[in-house]
Structure formats: structure tokens, C-alpha cells
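The values are calculated or read from the model by the stated rules, or taken from the named source; none is laboratory data. None of the values given here were measured: they were computed from a predicted structure. Every residue, glycine as well, gets a Cβ built from its backbone with ideal geometry; the counts of neighbours run over all protein chains shown. In case anyone asks, the SASA skips ligands and DNA or RNA and just uses the protein heavy atoms, side chains included. Shrake-Rupley method; radii C 1.70, N 1.55, O 1.52, S 1.80 Å.
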Amino acid sequence: MTSTRSRSSQFSLADGWILLLIWLLSAAILIARLWLDVSPPAWDQGAHLSSAMSHWQVLQHPQWGSGEWWRELWLQSASKRGPVTYLLTVPIFILFGPGADQGVYVNLLFTAILIGSTYAIGRRIFSPVVGLWAAGLSLLSPVLLDLQKDYLLDFPMTAVVVFMFMGMTYFWLADKSLSRWLTTVLWGVGMGLTLMTRTSGLLFVIPPIGWMLGASLWQRHWLRLGQVILGGVIGLLTLWPWFSTSWLTIISTTLESTVYGGIYADAPQANTLAGWLFYPERLPQMLTWPLFCLAAIAWILIAIQVLISRNQPQGSFRLIKLQPNNWGNRKGWIWLLVILLGIYVLFALATHKRLRFIIPYLPIFWIVLSQGIVTIQNRWWHFLRWGAVGTALFLTITQLSLYQSYARMRDGKNPAWPNEAVINEIVEASPFLETTLGLVVNTAQINPFNMDFYGAVANFHVSGRQLSSSPRTVIQDSQALDWYLTKTEDQGAYDTIEEGQQKLRETVETSDVLSLQKSWTMPDGSELRLHHRQAPPITVSRLASGEQQGVSFEKVDVASQVAQGQSSPITYYLRGSGAALQPGLLLLTWEPEDASKASLAQESQWISDHAIGLGYLKTNLERVTEQSDFEVVEQLSVTPPENLPEGIYHLNAEYLNRDTGEHYVMSENAAQVEVVALGSQAEQDSFQDLLTYLHIELAPNVPNGELDPIFNEIGRINQYDPEQDYLLQAERAMTYRLSQTPNNLDWLYTLALAQVLQQKAPEATATFKTLTEVAPENPHHWAYLGFVHLYRWQPRKANIALSEAEKLQPDLPNLKLLQTVNAVMGLNIPKAVRLLRSGV
């Protein structure tokens, strides 16, 4: 790789060319593998690619000065999977277009970061030669090469962690004050980016941070202690905009992954010897046997030579020739051992063990091994080490099966999978509607995650979702969507895990209202089947003319009689321009025929608000001009409240543009029905939109504090609308109605629920404050207000609200828990301890 003679610690142009050659070799191998591999991304890869697409979608229309736009951007990764990888993928999508291979190209950027950071650490502690060897050998690790070809977070995590270690190394070993201040910023930002790549990066942060803090305190080096604290603050400031947006979700998903790992852990645990040897036993597998043996032999020979030198007079027998002045220093060695041992202990203690979790450990380990490899100066050793490198490179490339992949492609035995064909078929059949594809199959090649990604590539036309994790929801799931995908033979993970999947498959394939749209024979010999609803609730057709002004009600078909508390079919026919239809909300109010006789008109009416086309319209395509007109037919349901007085009601229809706020009355008597007593009609099959379900089924649980029924259902219905646009519809519709008629409790509950589910804490705070003013006697209102104040890190305001709730109902469920969190957040530790002892 380069001469092992002692060289200047300064960076040279030759080193730069060598690093570039290492990167080019790595890039060539990656591009060849992607070209030869025609299989679609698997489960995790598809999920991460979908997240990258969602970030790309938001960044297509940046509003750098808008806090709401930034909040939307950070919410795209509101979980333990941070946004760094996805954000760095966006420029690649912009340059080359979105795609599975294009997404993997971001790993070339992380490869450059990894190579440069590893080299820099090795050079700073030992020499440039060690840095070059460590950088090159790191990329020969089979586990790293395997991860490099996939769009996962493990390879980016490795690069970012090593970048952080580089900043910390230069900080800890800095000789000059200015260098220490500059590197404080460097590693602080690196720490923030590590946690923003994946929250499990905390395990790599704890050992070096703990050592720097402890050593600074022990040595009473107060300036350095302050710099360590400053670096930590910089790290927190780096990740704070993302973390603060949805901190509760990030923490809960991180803890959930830990619990999940504990439940399904199949590796030996820390209370056994096997648990402590899990990672050491796999080091040869991670490093390749030739290189591992080479490094092990090197350090054994070095140890023997050192012992000989100590026990024999100078000039006596010399087993090997060692390079002088290349041993680093004591502080550097201690620093490396702190990182290696600290990380090893933390991961050995973990209940869930996988090789890819500890991958960021490898480049640091390679630095130590490379020091031994380059220290020996014998000529025979020179040939031996290059022979080991060549053997390792040959074995690694052989394991990649590049030749076999090429042979299959040449012989036509490597056909494409039909993922994109399925999406294209849906787009052609429903060109003006966004749709959700329900998958009743879950194989590595066909699964909800990669189908969601391919749907996003097709201009975000299709979303893929898994349905029926429980047999109890099969009926609802089979009626909720227009498109379903099933498969013959192997069903993937669902065959043995989810009973509901098998029932849903049987229901879909035997349904009278679903028909087979198309089927494909797949490379594994099975058949993939796409099913379509024969009479979908929303249909859109393009009109020849383009002269429609605004949106108009053409007609409404509904039965003459509807029963209290029972859903009945209703069909709305609307026409308008695409520019007016797509952002349009229908504010539909059923009012009594003689509202003047009602003591309170609001109590004798009900609403059926929803977005035109339920928010699924997609009329802004390149092939459609803004002047194009469309007809939208909605086959939905109408549901009068159970306690509504009997009588004649007419429909008042208003239009609200959710983007511009434009509002006008469409019809003051679009339809008329007679509400009759429950039971006088037979129940009819009809499609209930999600906004109506939220308003009449879920929101009434809010004033009683019955949140479990809400959240038990939210996970299911969110699968039907992956963008959760129905929540935004509810928020806009209720906000407008309340601006006209304030203090309507039913509308306030719907608004509050929609805002909370969108994690809009400031807006939810205002709504709950209004609820405490309209109905101050309800303790749940005050508890909700206290919770959103806690979510916004406002413990003082939360304490006031929680105190009011306690006055009204001291035994309110979860009140003590909220008060404990409030005490901790307000640094009132004695109160928190007291509450915990009282049994939170």
C-alpha cells in the first residue's frame, strides 16, 4: 500500500491519491454489484428508501423561513431512525432521479467519510502509514461490504460514528488551545449527527464522553472539562430541532426496539461466558481470516521480540525488525483502549446481539491491527502481508458472487420482478387518484415496504401497506381499500406469524366485489395477483371542457329516509377544475327543515365534512393542465346522530379551499332526507370516510379520558390513509367551523384529537385551553392541557393545569404520572421521588 518507513505526520498529496484509489476500488465494486443485482429491495431496505422519498418530497418545495415546513421535514423521521441518511440521499435523487440503486449511491459518500476519518485517526495516534492501512483494510471487511450494497442505516452509522471518533481523538490529543476549541465543535457536531442517524448511536457516544469527563475531573483540568461539556451542548443543539419536534415518539420507539430485542433475543446473554464471547468469536468472520491471522501473527511476533529485547543485552538475537518511532504515545493507546473496551462492554451487556450493530467498532479495531502489521520491517513479512491482502481481496470478491450474477444475467436466468409493473397497472387504471395498495404477501421481493417505495417513485401515486395483523379486523380491512395484492405458494412471513393475513387473503380472493385486475408469473414460479374493487367509493373522470368555474354540486343521491345512528349510502356528484377540486373541502351540514322551531339549532343538525375525493385526488400531473375539468363521484355514507330529533333535514353544502382559505356556498338545499327512529330500516352497506369516523366514533371518547379505544383504532385506520390526510382535513374543517361558531364542544374534541395525532403541540395547546374555558369542570381537559405543556417542555404551565385537574379529581388516572414527569422536568427531584413512592 505504501512504504512502511517512518514518514511525516503531515498529510501528503500521495496519501490523498492512495485514499482516492481505495475509494474508487470500493465504488467500482459497489456499482458492479448494483448493476448485476436485479432483485428489488427487501423489507428494511424498502422502508428506508420510502423514508428517503418522503424527505425528497418535502424538500422539492423548500420554505427555509417557515417553521411549519421545518416541522413537516423533521416529522418524516419521527422515530429512532434519524434523518441524516435520508437527507444526504436527497441530492442524489435530485441529480440522478429517485430509484433503489440511486439511493444506495449515498453509501459512496459515507465510504469517503469512513476512509478519511479512519485514516485521520490512525495518522494522529500512530503514523500516516497506519492510517492508510487501516482505511484500506476496513473496506475489506465482509460485513462492511455487505452493508455497503444495501440502503440501510448501518453503513452510514459506521461512517458518522468514526467521524465523531476522529473529532474526539484530535480534541483529546490536541497540543494547542486553538486546535482543542476547533475540534470541540467538530466532535460536538459529529455526536449530534450520530444520534440523528440512529438513536442507538448513544452506545458509541457514552464510553469516550464518559472517559473525557472522568479524566478531566480527576486531573482537575477545568478548561478541558468545560470544553467537553461545550462539545456535548453543541451535539444537543445539533440534534435538538429534530429531537424536539417529536421527542416522545423518538424515545418510545427507541425503548420499544430495546424491548423487542429482549423478547426476540436469540444470542447468549451477559450472564453467560458465551454472551461475553459472542463478538470476539466472530472477529475472524468480520475481518476475513487471512487478515485476522496476519494481524494476530504480527502482534504475537512483536510481543516475543519485545520480551527478547528486555531480557537480552543490546545487539543480541533479533527475531524481527521493528520500525522505530512508530508506537504512538501512552495517551493515544489509552484513548483507543477506552473506545474499544467501553463499546465492547456495552454491546456485550445488550440482550439483542447482531454483528451489524457493532460494525462502527471495526475501523477503530483495524487501526490497532494495522499498527502491528506495519511495524514489522522484514522483507519476508512485506511479501506475507501483501499476500494476505491479495488473498482477502480475492476471497471477498468471490463471496460477492459477481461472476455468478453476470452469468445468470447473460443466460437470461435473472429476470426482473414485477414490482414496478404492479404500480404501473394501478396508475394506468386510476390516473387521477392516489391509492393505497393492501398487501397480503410479505416476501423479500414483494412486501409492503418495497411496494410503498416503488409507489413513491411513481410520483407518490401508490402507497403500500400491510393489513390484518389481527383476525378481528379482516372484514374492515377487506372493505377499506380499492387495491389488494396476493400471491400463490409461499406467502412469506405471514404463513407462520399472522393468522389474520391468511383470512384476509381468503376473503380478498373469494370476494364478490373485488375482481382480478392482472396477474404476473414471478421468477420463483409463483403467481402475483392484483385485485381491484369493482365499484370504488371514489371515481374521477376528466371532462372535455375546461370552462368550469370553481366547484359545483351536480346532484346528490340518497334514500328518502335514514335512521338515527345508522349509516346509509349517499352519492355526491361534483364538477370543477383540478386546481379547485384537489385542495377542496366539503363542509356539509344537515339542518332541520324548520330550524326556527328548534330551541338550539346546533343541537338539531349534524355534519358530514370531508375533502373532495377524500383527499386522494391527483389532478396536478404534468399531462393535465390546471384548466382541466373533472367529475368526481363519491359513494359514501351519511350517519345521523343517535339522539337526533326525527324530522325532515336538508343539506347545506359549502366549499373551503384548504390552501387559500377561499369559501363559498355551493348549495343551500342540495338534498333532503327524513330522519326516522332507529330500527325502522334494514342496515345498508356503505363506505364511511375516515374524517367522519374520527368525528362520530373516536372524538366522543376524548371528554371521558377514554384514550385506549382511540389509539387501538388509530393504528388500523392510519394504514388506509398513509399520509394521514384525514387528520389535516379534520383540523381545517373544524377550525373554520369554530371560527364561525365558537365553543362547540363536539367540534373542539375533533379538532383537539386531530391536532394531537399530528403532533401539533402549539395548536393543541390552544385548543385544550379553549376546552378548559368552555368546560372548566372537566378534569380531563386540564390533564390534557398539562400534557401538551409537558410535551412542549413548559413545566411551570403544566404544573398549573395539573393542579387544577387534581382539585377536580385527585384520583384521575395517570395524573400522578404526569405530575412526576412535570417534577423531573422542573428539576424538583424531591417531589418526583415522593410521587414515585406514593405509587405512580
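Residues that are touching a residue at least 24 places away in the same chain (Cβ under 8 Å) and out of contact with any Gly (no Cβ under 9 Å at 6 or more places or on another chain) within region 808-822 comprise L808, Q809, V821, listed in sequence order.
Right, S127: over 30 Å from L291 (Cα atoms), crowded, with 18+ Cβ neighbours inside 10 Å and of a type in the set (S, T, N, Q) or not? Spelling it out, it is not the case that S127 is over 30 Å from L291 (Cα atoms), crowded, with 18+ Cβ neighbours inside 10 Å and of a type in the set (S, T, N, Q). All told, S200 falls short of being over 31 Å from the mean Cα position of the chain (by Cα) and either at pLDDT below 90 or closer than 29 Å to Y119 by Cα (or both). Of all the listed residues (L109, L25, L114, L19), the sole one being modelled with pLDDT of 95 or more, on the phi < 0 side of the Ramachandran plot and open to solvent by 30 Å² or more (accessible area, probe 1.4 Å) is L109. How about region 734-772: which of its residues are basic (K, R) and touching a residue at least 24 places away in the same chain (Cβ under 8 Å)? Those that are basic (K, R) and touching a residue at least 24 places away in the same chain (Cβ under 8 Å): R737, K760. Of the helices (runs of 4 or more DSSP H) that lie entirely inside region 725-840, those containing 2 or more residues that are more than 32 Å from the chain's Cα centre (by Cα) and surrounded by fewer than 16 Cβ atoms within 10 Å (Cβ to Cβ) span 725-740, 761-774, 795-808, 829-837. For region 708-724, the set of residues classified as crowded, with 18+ Cβ neighbours inside 10 Å and more than 26 Å from E634 (Cα to Cα) consists of I710 only. None of E489, E506 is modelled with pLDDT under 95, in a helix (DSSP H, G or I) and not small (G, A, S) except E506. For region 59-85, give me each residue that is without any contact (Cβ under 8 Å) to a residue 40 or more places away in the chain and among the polar types (S, T, N, Q). Residues satisfying the conditions are Q60, Q63, S66, Q76. Exactly one residue out of S244, S257 is closer than 30 Å to P762 by Cα and modelled with pLDDT of 75 or more: that is S244. Could you tell me which residue of region 29-53 is surrounded by the fewest Cβ atoms within 10 Å (Cβ to Cβ), considering only residues that are in a helix (DSSP H, G or I) and of a type in the set (D, E, K, R)? Among those that are in a helix (DSSP H, G or I) and of a type in the set (D, E, K, R), it is D44.
Tally up the residues in region 627-665 that are surrounded by fewer than 17 Cβ atoms within 10 Å (Cβ to Cβ), within 36 Å of the chain's Cα centre (by Cα) and either without any contact (Cβ under 8 Å) to a residue 40 or more places away in the chain or under 30 Å from L678 (Cβ atoms) (or both), please. Count: 3. Restricting I446, I475 to those that are in a helix (DSSP H, G or I) and either open to solvent by less than 30 Å² (accessible area, probe 1.4 Å) or over 21 Å from S519 (Cβ atoms) (or both) reduces the list to I475. Going by the structure shown, is W74 open to solvent by 30 Å² or more (accessible area, probe 1.4 Å), modelled with pLDDT of 95 or more and outside any loop (DSSP other than H, G, I, E, B)? It is true that W74 is open to solvent by 30 Å² or more (accessible area, probe 1.4 Å), modelled with pLDDT of 95 or more and outside any loop (DSSP other than H, G, I, E, B).
In region 305-423, counting only helices (runs of 4 or more DSSP H) that sit wholly within it, the ones holding 3 or more residues that are modelled with pLDDT under 85 and farther than 30 Å from P448 by Cα span 379-399, 402-410.
Number of residues in region 332-369 that are more than 30 Å from the chain's Cα centre (by Cα) and aromatic (F, W, Y): the value is 4. When only residues in region 190-214 that are open to solvent by 50 Å² or more (accessible area, probe 1.4 Å) and touching a Gly at 6+ places or on another chain (Cβ under 8 Å) count, which is nearest to I125 (Cα to Cα)? Selected residue: W211.
Of the helices (runs of 4 or more DSSP H) lying entirely inside region 95-149, those carrying at least 1 residues that are within 27 Å of the chain's Cα centre (by Cα) are 100-104, 106-125, 142-148. Among the residues making up region 56-71, those that are part of a loop (DSSP other than H, G, I, E, B) and open to solvent by 80 Å² or more (accessible area, probe 1.4 Å) are Q60, H61, Q63, W64, G65. Checking the structure you have, find out if any residue of region 421-435 is under 19 Å from S541 (Cα atoms), open to solvent by less than 10 Å² (accessible area, probe 1.4 Å) and touching a strand residue (DSSP E or B) at 6+ places or on another chain (Cβ under 8 Å). Taking every residue of region 421-435 in turn, at least one turns out to be under 19 Å from S541 (Cα atoms), open to solvent by less than 10 Å² (accessible area, probe 1.4 Å) and touching a strand residue (DSSP E or B) at 6+ places or on another chain (Cβ under 8 Å).
Residues being among the basic types (K, R), in contact with a Leu (Cβ under 8 Å, 6 or more places away or on another chain) and either crowded, with 19+ Cβ neighbours inside 10 Å or within 21 Å of E723 (Cα to Cα) (or both) are entirely absent from region 501-519. Among the residues that make up region 586-604, is at least one of them more than 30 Å from A677 (Cβ to Cβ), in a loop (DSSP other than H, G, I, E, B) and modelled with pLDDT under 95? Taking every residue of region 586-604 in turn, none turns out to be more than 30 Å from A677 (Cβ to Cβ), in a loop (DSSP other than H, G, I, E, B) and modelled with pLDDT under 95. Against the list (1) at pLDDT 90 or above; (2) over 22 Å from K149 (Cβ atoms); (3) among the hydroxyl-bearing types (S, T, Y), the condition Y454 fails is (2). For region 784-806, the criterion of a residue being under 21 Å from M734 (Cα atoms) and not aliphatic (A, V, I, L, M) is satisfied by at least one position.
Every condition in (1) assigned to a loop (DSSP other than H, G, I, E, B); (2) open to solvent by less than 20 Å² (accessible area, probe 1.4 Å); (3) modelled with pLDDT under 90; (4) not basic (K, R) is met by D175 except one, and the failing one is (2). Inside region 229-243, residues that are of a type in the set (F, W, Y) and crowded, with 22+ Cβ neighbours inside 10 Å make up a count of 1. In the set L574, L485, only one residue is over 30 Å from L588 (Cβ atoms), open to solvent by less than 30 Å² (accessible area, probe 1.4 Å) and either in contact (Cβ under 8 Å) with a residue 60 or more places away in the chain or in contact with a strand residue (DSSP E or B) (Cβ under 8 Å, 6 or more places away or on another chain) (or both); that residue is L485. From the list L13, L30, L114, L19, the lone residue that is closer than 30 Å to G372 by Cα, aliphatic (A, V, I, L, M) and free of Cβ contacts under 8 Å to residues at least 12 places away in the same chain is L13. Considering only residues that are under 30 Å from V38 (Cβ atoms) and of a type in the set (S, T, Y), look in region 150-179 and name the one that is nearest to the chain's Cα centre (by Cα). The qualifying residue nearest to the chain's Cα centre (by Cα) is Y151.
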